[in-house]
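Participant: The following block contains the structure, expressed as structure tokens.
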Amino acid sequence: MNCLAVLVSGNGSNLQAIIDACEAGILPETRVSVVVCNHKDAYALVRARNHGIPTIYHPFLPYREEGRSRQEYDADLVRKLSAYPVDLVVQAGWMHILSMAFLRHYPRMLNIHPALPGAFPGMHAIERAYEAFQRGEITDTGVMVHCVPDEGVDSGPVIVQEIVPIYPQDKLEDLEARVHTVEHGLYVRAIAQVLGITPN
Ligand code: GRF
């Protein structure tokens, strides 16, 4: 059985797509063994509990308030995570840059970025692509899933990518919905590829 640890901070629609793919057998012999979240009110936590998946709530704020480092936060997360079987760590809307204090223990980690490789790293990528389209700077955008070998933001070796068209009549919400739909399929494909399994 392949065990995934999924790291989330918000809505968790990608987490949901991964859980659904495991439960439906689209990702055979694979399950989400634990969900890690750094925001207490994240809807992703509700999604995990709805499927009986254990959760780790690990907020950074207490560390910042006590002057403790990101490395300490990351090392504590490693300790908490070590109670669960984990073959692959999957960042799905996780808003925290993990240091080598985490990565040296979990070198197999993926991230999804709602833009093409090299484009719009960081937050609000869909909105920035939408605005770039309005200015005539780009004709389409995309989604990519990449490995996370270091502290680079949305920049590791690419596993899969897919172009997402932008149409002149699009509102921002239209583009957001189209990008998210592509994300949900692409992340499942990327996980299968990295685990060396054929998705059903
Ligand atoms: C996704 O667009 C993902 O690419 C980005 O953050 C968003 C998370 O959405 N990194 P959700 O929480 O999975 O719904």
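The values are calculated or read from the model by the stated rules, or taken from the named source; none is laboratory data. Keep in mind that what you see is a predicted model, and the values were worked out from it rather than measured. Note that each Cβ is placed from the backbone with ideal geometry, even for glycine, and that neighbours are counted across all protein chains shown.
Results for (1) among the aliphatic types (A, V, I, L, M); (2) under 19 Å from the mean Cα position of the chain (by Cα); (3) surrounded by 19 or more Cβ atoms within 10 Å (Cβ to Cβ); (4) over 11 Å from Val36 (Cα atoms), shown as yes or no for each residue.
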site	(1), (2), (3), (4)
Glu72	no, no, no, yes
Ala75	yes, no, no, yes
Ser82	no, no, no, yes
Gln91	no, yes, yes, no
Trp94	no, yes, yes, no
Met100	yes, yes, no, yes
Leu110	yes, yes, yes, yes
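Participant: Which one of these does Ala192 not meet: (1) buried (at least 19 other Cβ atoms within 10 Å of the Cβ); (2) at pLDDT below 95; (3) more than 13 Å from the ligand (Cβ to nearest atom)?
Facilitator: (2)
Participant: A further question on this structure: Go through (1) assigned to a loop (DSSP other than H, G, I, E, B); (2) exposed (fewer than 15 other Cβ atoms within 10 Å of the Cβ); (3) more than 13 Å from the ligand (Cβ to nearest atom) for Ile163 and report which single condition fails.
Facilitator: Condition (1) is where Ile163 drops out.
Participant: Of everything in segment 23-46 that's without any contact (Cβ under 8 Å) to a residue 60 or more places away in the chain and among the acidic types (Asp, Glu), which residue is surrounded by the most Cβ atoms within 10 Å (Cβ to Cβ)?
Facilitator: Among residues in segment 23-46 that are without any contact (Cβ under 8 Å) to a residue 60 or more places away in the chain and among the acidic types (Asp, Glu), the one surrounded by the most Cβ atoms within 10 Å (Cβ to Cβ) is Glu23.
Participant: How many of the residues making up segment 2-17 are of a type in the set (Gly, Ala, Ser) and more than 9 Å from the ligand (Cβ to nearest atom)?
Facilitator: Residues that pass the stated criteria total 1.
Participant: Another question about this same structure. Go through the residues of segment 47-68 one by one and say whether even a single one is under 16 Å from the mean Cα position of the chain (by Cα) and within 13 Å of the ligand (Cβ to nearest atom).
Facilitator: Checking segment 47-68: at least one residue is under 16 Å from the mean Cα position of the chain (by Cα) and within 13 Å of the ligand (Cβ to nearest atom).
Participant: What residue, among those in segment 113-126 that are over 11 Å from Val153 (Cα atoms) and within 11 Å of the ligand (Cβ to nearest atom), is surrounded by the fewest Cβ atoms within 10 Å (Cβ to Cβ)?
Facilitator: The qualifying residue surrounded by the fewest Cβ atoms within 10 Å (Cβ to Cβ) is His124.
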